[in-house]
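**Q** This is the structure I have questions about; it appears just below.
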Amino acid sequence: MRLCIFEDSKAVQLLPLVYTRPTYDLRCGIFTLREKIQRVYPDLPLTLFARTYLTDTLKQQNPTAAVNILPDEDCLFINGRVLADDTLAKKLPSSPGHEMLYLAKDEIVGAFVTAKKVRSLKFLEDGALDVESLKGLPTKDVEVQVIQYPWELVNKNGEQIVEDAKLLASEFKSPAQHGAKIHEGAYLLHPENILVGEGSVIMPTAVIDAEEGPVVIGKNVKIFPNVTIIGPAFIGDGSVLKIGAKIYENTSIGEVCKVGGEIDASIVHSYSNKQHEGFLGHSYIGSWVNLGALTTNSDLKNNYGNVKVVINGKSIDTGSMFVGLTVGDHSKSGIGTLFNTGTVVGVSCNIYGTGLPPKEIPSFAWGGAEGFQTYKVEKAIEVARRVMARRKIIMTQVDEDLLRTIFALTEKDRTRAGVLQ
């Protein structure tokens with residue numbers, strides 16, 4: 001019996017965040033979608049399926065997992081966009097005794113497939129699982145949450161921090177028991193709802209407020225004076241919160257980030273920086289992103305209407321009043337950059353200058369409100385190599401090839417947006 005997490009054709013609805021990762025490696029709450037699924041089925045060996053060009057990247061990141069290889073075993077397939085909770089195992093059992101296709105509002109969320117049937121499964125040209133090859137199985141309707149667009153991850157982030165924290169309940173002890181250093185003069189409100197990891201330091205005058213929800217602080221985190229964190233919130237291992245940082249509720253900061261200024265209801269992936277003053281709200285920021293001093297985004301229209309966002313070239317009504325900034329990996333903003341409500345920035349962009357840049361900025365674009373030119377891929381790779389080296393991470397040939405592939409995949413987007421060569 002094997003757990004197989006797959007991508008389907010709707011992965012493109014989560015661009016540009018999933019240019020560099022499969023859908024199931026997006027974070028919502030404390031854990032990624034994949035980690036949530038694996039916690040439900042901890043005893044099943046894992047096979048990962050993803051778009052073809054991500055194969056080498058996944059193998060590099062997951063040396064013990066099978067990647068894009070159909071096994072000779074019975075398999076429980078789970079859609080990588082599923083937002084798993086502790087009821088998932090009952091709805092999608094690992095051993096139902098017979099083949100079954102699980103649907104949530106006509107969307108395939110999973111399937112139990114016997115070894116004989118597994119070999120007949122097909123994949124689309126880009127490597128996503130062809131869900132048509134699962135049809136013909138007996139079906140069952142289930143109530144399972146499935147992520148469609150990036151802002152849904154942001155909107156659900158607070159409740160997911162609360163749910164994920166329950167999985168860590170046994171670790172909520174006195175910070176001293178975790179080897180953390182809480183200086184005199186630091187204020188922990190409702191400490192029973194606060195988890196501080198080993199090696200973390202909280203300086204005097206910092207305020208950790210868990211009255212409205214848990215605050216989970218990972219290992220080796222440094223929280224400087226005058227920082228305020230309001231739960232529910234998550235701070236990943238090795239991150240630094242600069243003096244005066246204001247982290248409002250429903251925010252997740254990934255591993256090895258440096259953050260300051262004001263952050264509200266946002267998700268920041270690992271190895272990204274927002275070190276200085278400026279507002280980030282209802283936003284999803286990828287990895288290796290640097291937001292320059294005073295970079296600020298709008299997350300609310302002046303007419304209080306629903307925000308529309310351009311995803312993969314299509315304008316989508318989010319149905320939400322609050323939607324901020326979405327930024328793909330390796331992108332950067334200059335000092336004082338301002339982003340309009342619902343702006344989407346691709347991979348390896350450089351945005352700077354006065355005025356508001358367009359709400360859709362394709363990958364490998366360099367410029368601002370006055371126009372863009374193409375950010376040459378070899379220059380982008382060289383900068384990424386330097387940035388990663390500063391965090392003692394060596395850029396591999398696989399990492400380089402991934403950026404070159406994304407550059408080629410997004411050429412049509414730059415042409416459509418009028419980006420100069």
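Each value in this text was obtained by applying a stated rule to the coordinates, not by laboratory testing. The structure displayed is predicted, hence computed values, not measured ones. Positions of Cβ are backbone-derived with ideal geometry, glycine not excepted, and every protein chain shown enters the neighbour counts.
**Q** Does the stretch 296-421 classify as rounded, prolate or oblate by the C-alpha gyration tensor (a ≥ b ≥ c root eigenvalues; a/c under 1.5 gives rounded; else a/b over b/c gives prolate, otherwise oblate)?
**A** Cα axes put the stretch 296-421 in the prolate bin.
**Q** Right, another one. What percent does the relative contact order of the stretch 152-416 come to when contacts are Cα pairs within less than 8 Å and at least six residues apart? Intermediate values should be presented prior to the final figure.
**A** Values: 758 pairs, mean separation 24.1, N = 265.
Relative CO of the stretch 152-416 lands at 9 percent.
**Q** Using amide H atoms built 1.01 Å from N in the peptide plane, name the residues 5+ places from Tyr149, or on other chains, whose amide H lies under 5 Å from its own.
**A** Placed amide hydrogens put nothing under 5 Å from Tyr149.
**Q** While we're looking at this one, here's another question. Give me the one-decimal nm value for the distance between modelled label points at Glu35 and Ala408, 7 Å along each residue's Cα-to-Cβ direction.
**A** Output for this residue pair reads 3.3 nm.
**Q** Going by average Cβ neighbours within 10 Å, how do the peptides 10-21, 113-124 rank, with the highest at the top? Don't skip to the answer; put the middle values down first.
**A** On the way: 10-21: 22.7, 113-124: 14.7.
Top of the packing list down: 10-21, 113-124.
**Q** Right, here's the next one. How are the C-alpha pair distances of the chain spread across 10 Å bins, as whole percents from the shortest bin up?
**A** For the chain, the binned pair fractions read 5, 22, 30, 26, 14, 3, 0 percent.
**Q** Name the GluC sites (Glu not before Pro) in the stretch 194-293 that are in a loop by DSSP and that have at most 11 other C-beta atoms within 10 Å, would you? Could you put the intermediate results ahead of the total?
**A** Numbers: sites: Glu198, Glu211, Glu212, Glu249, Glu255, Glu262, Glu277; in loops: Glu198, Glu211, Glu212, Glu249, Glu255, Glu277.
Taking the stretch 194-293 and a limit of 11 other Cβ atoms within 10 Å, the loop GluC sites (Glu not before Pro) found are Glu211.
**Q** Please report the relative contact order for the stretch 32-121, taking Cα pairs under 8 Å with a sequence separation of at least 6, and give it as a percent rounded to a whole number. Intermediate values should be presented prior to the final figure.
**A** Working: 108 pairs, mean separation 29.1, N = 90.
Value for the stretch 32-121: 32 percent.
**Q** Still on this model: Compute the distance from the alpha-carbon center of the stretch 89-138 to that of the stretch 266-325, in whole Å.
**A** 35
**Q** Starting with the highest mean, order 158-166, 394-402 by the number of other Cβ atoms within 10 Å, averaged over the residues of each peptide.
**A** Working: 158-166: 19.9, 394-402: 14.6.
Descending packing order for the listed peptides: 158-166, 394-402.
**Q** Sort largest first and round to whole Å: the equivalent ellipsoid semi-axes of the stretch 40-117, each the square root of five times a Cα gyration tensor eigenvalue.
**A** On the way: eigenvalues 97, 44, 33 Å².
Equivalent ellipsoid of the stretch 40-117: 22, 15, 13 Å, largest first.
**Q** Can you classify the stretch 2-148 as rounded, prolate or oblate using the Cα gyration tensor, where a ≥ b ≥ c are the square roots of its eigenvalues, rounded means a/c under 1.5, and otherwise it's prolate if a/b beats b/c and oblate if not? Write down the numbers at each step before the final one.
**A** Values: a/c = 1.33, a/b = 1.18, b/c = 1.12.
Rounded is the answer for the stretch 2-148, as its axis ratio a/c remains below 1.5.
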